[in-house]
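The values are calculated or read from the model by the stated rules, or taken from the named source; none is laboratory data. Quick caveat: nothing in here was measured; it's all calculated off a predicted structure. Backbone-built Cβ (ideal geometry, glycine too); neighbour counts: all protein chains shown.
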């Protein structure tokens, strides 16, 4: 591959920084490496969703990506730079950019999805074969998957010993600051306009997402500061309450790399130092960061799991096929208020409270006996934080077919779960407003309310709110029988 030597014109080398799910300037090792080379830096984003098949980003993820790329470009322009946008295929596009800019090096931060690992390996080999410096870095995890092993030298399959082992490792390095200025090339290569990537929906269904979120690096740090100030102290007590603002809601920012887990670690450490706390490493919030690490550990070592259960015996499980059942669940029309509220929150905001995710997932796989893979696909398209590792871990955990999975006899009761975690009904009333006038005692089981109470509340079951699509008590027994028969075989 012949390259024009633009670096001679500028007197310094040109480096490409290939942005992916690391859409930030602070604590970005690939960007830092390019700057350290001492020459011009050309930031690049290449849109190549087909290269991630069968898990190309869904609609909600694409909406977030559009906003995040816009924010990143604005931050780069404040520093005398800009984001070059191109369409794939990635290898050919990078090679074209090398030719256009005279770049001698390409830097990027690693990802851990199976299709992306295969693509990146091919890209790195091709660039090095052409005589370029091609280097990748860890920007997404506290510990990369191959660095954590059990005493037998094998990957962990249970969370508690995994996280205990992680905490015993040397502390992560301190986050890198954002650069104040970036050296521009002699001339910029051509770039597509952001709209040309067609990431935003043609039919505007994203109004709820726009109201709920502020994508981008600045939004990530605003969100983190707000959480640490307002909710972190009560996180252990409030994290399971969807009616309270008790969770961090940081998952989409982490997924898109708008800040890093190292920055969270440093923020918690700094906060503990101010308050004199010594047990911050065992905090429940940091443990949730650990679950994210565990999810990526599993995906890396068991790359088949997005489509195949980790436990082989589940390949024989008698899942149902029922399009009507699935559609009712998907649209929040099951007749169980906590389930319906969760699915409606998902459709409106692209996010769902974690406790409610477990409830709606349990309802799909154990009350309806529909496959966890159908639920995973639904979440993949509708969540702004759709992450292959975490989505896979969550659904396999609920179905009982993955690592550290819930036992088969654990079936969430949507009535008692609603009463326990939404005791005043604020969450259900927000997302199922047709039930708003029901007294608390009947809110999570409106079909049991006396007719006169339902009439006063303006509820006609089967007309303005559905009757329960299944009896949970009966569905539970059917599920237990199916799971127990699998266990006995």
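Of the residues 182, 192, 142, the single one that is under 23 Å from the mean Cα position of the chain (by Cα) and either touching a residue at least 60 places away in the same chain (Cβ under 8 Å) or assigned to a loop (DSSP other than H, G, I, E, B) (or both) is 142.
Within the stretch 312-331, is there a residue that is within 21 Å of the chain's Cα centre (by Cα) and assigned to a helix (DSSP H, G or I)? Taking every residue of the stretch 312-331 in turn, at least one turns out to be within 21 Å of the chain's Cα centre (by Cα) and assigned to a helix (DSSP H, G or I). Here residue 234 clears all of (1) in a loop (DSSP other than H, G, I, E, B); (2) touching a residue at least 12 places away in the same chain (Cβ under 8 Å) except the condition numbered (1). From the list 71, 81, the one residue that fits, being in a helix (DSSP H, G or I) and either at pLDDT below 95 or outside the structural domain of residue 261 (by TED's automatic domain parsing) (or both), is 71.
Suppose we filter 364, 368, 438 for residues that are touching a residue at least 40 places away in the same chain (Cβ under 8 Å) and surrounded by 20 or more Cβ atoms within 10 Å (Cβ to Cβ); which single one remains? Give the derivation first.
Values: 364 fails: touching a residue at least 40 places away in the same chain (Cβ under 8 Å); 438 fails: touching a residue at least 40 places away in the same chain (Cβ under 8 Å).
Matching residue, one of 364, 368, 438: 368.
Put simply, of 467, 452 the only residue that is loosely packed, with under 13 Cβ neighbours inside 10 Å and more than 26 Å from residue 346 (Cβ to Cβ) is 452. Among the residues of the stretch 451-489, the ones that are at negative phi, free of Cβ contacts under 8 Å to residues at least 40 places away in the same chain and out of contact with any helix residue (DSSP H, G or I) (no Cβ under 8 Å at 6 or more places or on another chain) come to 12 in all.
Let's see how each residue does on (1) under 18 Å from the mean Cα position of the chain (by Cα); (2) within 24 Å of residue 21 (Cα to Cα):
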residue	(1), (2)
202	no, yes
214	yes, yes
219	yes, yes
232	no, no
251	yes, yes
255	yes, yes
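The conditions of being in contact with a helix residue (DSSP H, G or I) (Cβ under 9 Å, 6 or more places away or on another chain), under 17 Å from residue 193 (Cα atoms), surrounded by 22 or more Cβ atoms within 10 Å (Cβ to Cβ) and at pLDDT 95 or above are met by residue 42.
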